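A quick write-up on the structure given underneath.
Read-outs: derived from the displayed coordinates by stated rules, not from any lab. Because the structure is a prediction, the values reported are computed rather than measured. Note: ideal-geometry Cβ built from the backbone for every residue, glycine included; neighbour counts use all protein chains shown.
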Amino acid sequence: MIGYVTLGTNDLPRAARFYDALLGELGAKRFMEFDTFIAWSVSPDKPGIGLTKPFDGKAATVGNGVMVALEAKNPAMVDKLYRKALELGGTDEGPAGPRGDSFYAGYFRDPDGNKLNFFCMT
């Protein structure tokens with residue numbers, strides 16, 4: 001149902017380095033790129049994630065309560081990607097681990113403060 005998610009950034013080159021390295025771990029590559037926008041996906045026919053400088057020219061801000069969840073294939077991959085996000089300058093929002101009986105996730109914020117997680121069903 002979701003085609004893509006867009007997150008705001010005030011420093012597109014820095015954000016691009018973060019997401020190139022992090023999403024590359026999932027096999028995602030840039031599939032669309034302009035001066036103010038870059039989007040990644042594992043395949044052009046799959047959902048993607050984009051980073052953009054706001055269209056209105058104002059500073060990008062973080063939406064309180066907004067989060068993007070990125071699916072991983074298993075708990076080991078969640079652990080790896082969560083650690084990678086922190087190594088790349090992300091900040092912890094909840095360490096990787098089980099949440100309930102069948103959900104495993106690690107929560108973090110990217111360098112712009114956007115909240116994301118990697119998760120899998122167990």
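Take the Cα of Arg14, go 7 Å toward its beta carbon, and the backbone nitrogen atoms of the stretch 81-107 under 20 Å from that spot belong to 84-93. Principal axis extents of the Cα atoms in the stretch 11-122, from largest to smallest and rounded to whole angstrom, are 44, 30, 22. By the scheme Lys and Arg +1, Asp and Glu -1, what is the net charge of all other residues having a beta-carbon under 9 Å from that of Ala15? Summing Lys/Arg as +1 and Asp/Glu as -1 gives -1. Highest GNM mean-square fluctuation among Leu88, Leu22, Leu51, for the chain modelled with Cα contacts below 10 Å: Leu88. Cross-link reach is defined here as a Cα-Cα straight distance under 25 Å, omitting same-chain residues fewer than 8 places apart; for Lys80 the lysines meeting it are Lys29, Lys46, Lys115.
Choose one answer from Gly100, Gly24, Gly50: the residue with the largest mean-square fluctuation in a GNM of the chain with alpha-carbon springs under 10 Å. Fluctuation is largest for Gly100. Choose one answer from Tyr19, Tyr104, Tyr82: the residue with the largest mean-square fluctuation in a GNM of the chain with alpha-carbon springs under 10 Å. Its mean-square fluctuation being the largest, the pick is Tyr104.
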